[in-house]
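The values are calculated or read from the model by the stated rules, or taken from the named source; none is laboratory data. A quick note: this is a predicted structure, and the numbers were derived from the prediction, not measured. Please note: Cβ atoms are built from the backbone with ideal geometry, for glycine as well, and neighbour counts cover all protein chains shown.
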């Protein structure tokens, strides 16, 4: 983090420990040794049997820092590149390693870290529920319920309500993501960010599509349907994909990812079952319609005798 005053320690290839100070003035820092804004003395480090590095140092702080109610602190670990530390990870525990310390009372904690972690989890839950669950459920309503005449127009209101609620919740979740991004300068999740922007744009287009929805018998209804379905399925695919990218970033317990996968499998099974059932309903209706049409044609042609043969015989007699 630019502006940080770092104390660095690592074990060299020969087994000895190296500890030094390094001011960070760039995101491309090599953690070169340098003086900090305050004096550091008696600096040393040791490594435990559990391969944990402990740093010892005496910090000579000015009154402004000491009187501060709390001072932010961060800590990191990462690989070595030669004789200097390389870039650390930017996901999971690496983005949760922060806290505060009060130099007067000696109290320390991770209040700031917990607050930011809470925001991330709120962001993740809102987007997983909206883009990753409610959107697919709304699509199921539209695709399968409208096959049954008794559900018209209820299926449309269920579909519109579910999708609109998902969109509003997703936009709020998207906004929290933007806020988290602004608070995490230098930490970027490019693909996750681009997909979220695409989802916002496509979701907004779908909302406007509802306002421009033509009547069923309108000559442009076919083109509207193609547009609506194309955008809709794109949102479903991108939404689910971005939820999994979010899991990779937050790195929560496996049970949450497994639970979401279970929900998706459940929705897929419901969709497959309804797909087969509705196709059977449609084909049965088509068969009955064809049978009724054939009977109607037979009735018309047979009204004049046996396919008109009786009428021809009568005309011959005359």
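Return the residue satisfying two criteria in turn: it lies in the range 250-300 and is outside any helix (DSSP H, G or I) and surrounded by 10 or more Cβ atoms within 10 Å (Cβ to Cβ), and of such residues it is modelled with the highest pLDDT. Please lay out each step first, then the result.
The first filter runs over the range 250-300 and keeps only residues outside any helix (DSSP H, G or I), leaving 251-253.
So of that shortlist, the ones also surrounded by 10 or more Cβ atoms within 10 Å (Cβ to Cβ) come out as 251-252.
Working: 251: 80, 252: 83.
Among them, the one singled out is 252.
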Inset, instruction - Would you please list the contacts, defined by Cβ atoms under 7 Å and residues six or more apart or on different chains, that run from a residue in the range 242-267 that is on the phi < 0 side of the Ramachandran plot and in the same structural domain as residue 199 (by the TED database) to a residue that is loosely packed, with under 15 Cβ neighbours inside 10 Å and not in a helix (DSSP H, G or I)? - result: 248/91; 249/91
Legend entry - Of all residues making up the range 34-52, the number that are without any contact (Cβ under 8 Å) to a residue 24 or more places away in the chain, outside any strand (DSSP E or B) and under 14 Å from residue 5 (Cα atoms): 2
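Condition test on residue 205, is it surrounded by fewer than 16 Cβ atoms within 10 Å (Cβ to Cβ), touching a residue at least 24 places away in the same chain (Cβ under 8 Å) and either at positive phi or in contact with a helix residue (DSSP H, G or I) (Cβ under 7 Å, 6 or more places away or on another chain) (or both)?
Working: surrounded by fewer than 16 Cβ atoms within 10 Å (Cβ to Cβ): yes; touching a residue at least 24 places away in the same chain (Cβ under 8 Å): yes; either at positive phi or in contact with a helix residue (DSSP H, G or I) (Cβ under 7 Å, 6 or more places away or on another chain) (or both): yes.
When the stated conditions are applied, residue 205 passes them.
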